[in-house]
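Shown next, in structure tokens, is the structure this report addresses.
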Amino acid sequence: MAKTRHLLGLSGGKDSSALAVYMRQKHPEIDMEYYFTDTGKELPEVYDFLGKLEGYLGKEIIRLNYDRDFDYWIQLYDHYLPSPRQRWCTVNMKLKPFEKWIKPTLDSGGKIVSYVGIRADEPERTGYVSKKDGISIRMPFREDGLNKPDIKQILEESGVGFPAYYKWRSRSGCTFCFFQRKIEWVRLMQEHPDAFQEAVDYEKNAIDHDSPFTWTEGESLLDLCKKERVEQIERDHAIKLRKEEARIRSNPLLDDEDFDKNDIDELYGDEEGGGACLVCHK
């Protein structure tokens, strides 16, 4: 009899983590396999949070590691940095390890059910889509009508809580994710200076090899980290924060308790994740 595997990918983000908690609570009969595709360039807060989540689930979170690291791939791509238009990092370091992992199951005629943490209040998105037969996608939050406040409630009531990086960053994913906003690069420099310096070094090497991309659009990290520029980015962010707080206070239909000043996506009025790959930030 062909085997059916139920898989739930964890990015270290709030939605996929809440989905893992939700499925354990609501559907303990499902033999769920939890996995995390590790690029080796994740924030330390992500690894700490995954350990905490693993304790709650009472089950191992399988780490998928591709046999070639970021340094290999950036050389293969002529030292060009990945970008929103060239997401070779996601393809090679996130999707391919997953496809390699499930290949024996599909080759033997088995089925894969992949669970994705897309909520009911998000734009129409599908998550990972494969052209291979035998893979189906489930979105329990959308199916059950769960929205962003529900995800917060699930994480808080379970005791798992939120990853610590949400205090200064809106996404999981690599330390040098090119979808970070300017203020998040500043905070990376402040919170993890070694990781920021590594990103600077990758960028300098890419520029030396005539790469058309920098990590953040329109300026290099060397320019961004200058004292005057950092002060400007922080001032601009503070102004935006004050305007949003004033807008909420002046509108009786809005509850200021629902406004999270650390939710950078919400503050900037952007699509959640700022367009980042779902497999990375959910």
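With neighbour counts taken as other beta-carbon atoms within 10 Å, the residues 228, 184, 217 rank, fewest first, as 228, 217, 184. In a DSSP loop and with at most 16 other Cβ atoms within 10 Å, the trypsin sites (Lys or Arg not before Pro) in the stretch 50-142 are 59, 68, 85, 125, 131, 132.
Per-residue ellipticity at 222 nm, computed for the chain from helices alone with -39500 (n - 2.57) per DSSP H run of at least four residues, works out to -13000 deg cm²/dmol. The mean sequence separation of alpha-carbon pairs under 8 Å and at least six residues apart, normalised by the residue count of the chain, gives a relative contact order of 24 percent. Is the shape of the stretch 60-193 rounded, prolate or oblate, going by the alpha carbon gyration tensor and its root eigenvalues a ≥ b ≥ c, with a/c under 1.5 for rounded and a/b larger than b/c for prolate? Oblate, because a/c is 1.5 or more while a/b does not exceed b/c.
Among beta bridges from DSSP that stay inside the chain, the antiparallel ones total about 15%. For the stretch 86-121 versus the stretch 153-177, the inter-centroid distance based on Cα atoms is 22 Å. Take the residue pairs 52/243; 94/167; 96/226; 59/167; 132/167; 41/226 and return only those whose Cα atoms are more than 29 Å apart. From 52/243; 94/167; 96/226; 59/167; 132/167; 41/226, over 29 Å: 52/243; 96/226; 132/167. In the set (1) 19.6, 60; (2) 18.1, 57; (3) 19.7, 65, which value of Rg and Dmax of the Cα atoms in Å was calculated from the structure you see? Among (1) 19.6, 60; (2) 18.1, 57; (3) 19.7, 65, the one calculated here is (3). This model, with +1 at the C-beta of Lys and Arg and -1 at the C-beta of Asp and Glu, gives the chain a dipole about its Cα centre of some 660 debye. Please list, in chain and number order, the residues 5+ apart from residue 64 or on another chain whose amide H is under 5 Å from its amide H, with Hs placed from the backbone. For residue 64, the qualifying residues are 36, 37, 38.
Computed from phi, the 3J(HN,Hα) profile of the stretch 31-38 under the Karplus parametrisation 6.51, -1.76, 1.60 (θ = phi - 60°) reads 7, 7, 10, 9, 9, 9, 8, 9 Hz, with x in place of Gly and Pro.
Read-outs: derived from the displayed coordinates by stated rules, not from any lab. Since this is a predicted model, take the numbers as computed values, not measurements. No Cβ is skipped: glycine too gets one built from the backbone with ideal geometry, and neighbour counts run over all protein chains shown.
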